[in-house]
Amino acid sequence: MTELGFALETRGLRGRSVACSGQPYCRFAQAPTKPMLHMIVERLEQRFGHRADGITLSIDGCPHACAFHSTADIGLQGTHTRDEFGARIEAYDIYIRKGIDDVKAAAAGVAGIL
Ligand code: SF4
């Protein structure tokens, strides 16, 4: 399974993270979720190691919140914004729970990734 890209390690940040169906699987999605979740988990694990183990991360592709992004330590919700030329581009709103130092540091890392 690991060779196919399905990690069997379910502890820590990786085990606590979830993404909704997102693009291209859900017609409501405004942004991809699963590739973004994979990228963020990889980056946070590299940067923070086991310090990120207690963090929950949820990513939804729209406000319907099937992955409950608003209740996670770090939540992303797919949306759109405009670039400097006025073109519509994918974006994410970031939700951060207050008062957890590692979450603050990790959230800063997420903002840097996006
Ligand atoms: S949160 Fe939105 S995009 Fe994600 S599965 Fe639910 S309805 Fe679809």
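The values are calculated or read from the model by the stated rules, or taken from the named source; none is laboratory data. These numbers were taken from a predicted model, which means no experiment stands behind them. We place every Cβ from the backbone using ideal geometry, glycine too, and count neighbours over all the protein chains shown.
Restricting attention to the stretch 94-109, does a residue exist that is at pLDDT 85 or above and either outside any helix (DSSP H, G or I) or surrounded by 18 or more Cβ atoms within 10 Å (Cβ to Cβ) (or both)? Checked against the condition, which is being at pLDDT 85 or above and either outside any helix (DSSP H, G or I) or surrounded by 18 or more Cβ atoms within 10 Å (Cβ to Cβ) (or both), the stretch 94-109 yields at least one hit. Look at (1) crowded, with 18+ Cβ neighbours inside 10 Å; (2) within 11 Å of the ligand (Cβ to nearest atom) and you find that V41 fails only one, number (2).
For the stretch 55-69, the count of residues that are at pLDDT 90 or above and part of a helix (DSSP H, G or I) is nonzero. Only one entry of C20, C26 meets the criterion of being within 14 Å of the ligand (Cβ to nearest atom) and over 15 Å from Y92 (Cβ atoms), and that entry is C26.
Looking at H64, is it exposed (fewer than 13 other Cβ atoms within 10 Å of the Cβ) and in contact with a Phe, Trp or Tyr (Cβ under 9 Å, 6 or more places away or on another chain)? So H64 passes the test.
Cβ contacts < 8 Å: first residue over 20 Å from T56 (Cβ atoms), restricted to the stretch 19-33; second residue part of a loop (DSSP other than H, G, I, E, B) and among the hydroxyl-bearing types (S, T, Y), any location; separation 6+ or different chain. Result? Correct list of pairs: Q23/T33; A29/S21. Scanning the stretch 45-61 for residues that are within 19 Å of F6 (Cβ to Cβ) and crowded, with 18+ Cβ neighbours inside 10 Å yields L57, I59.
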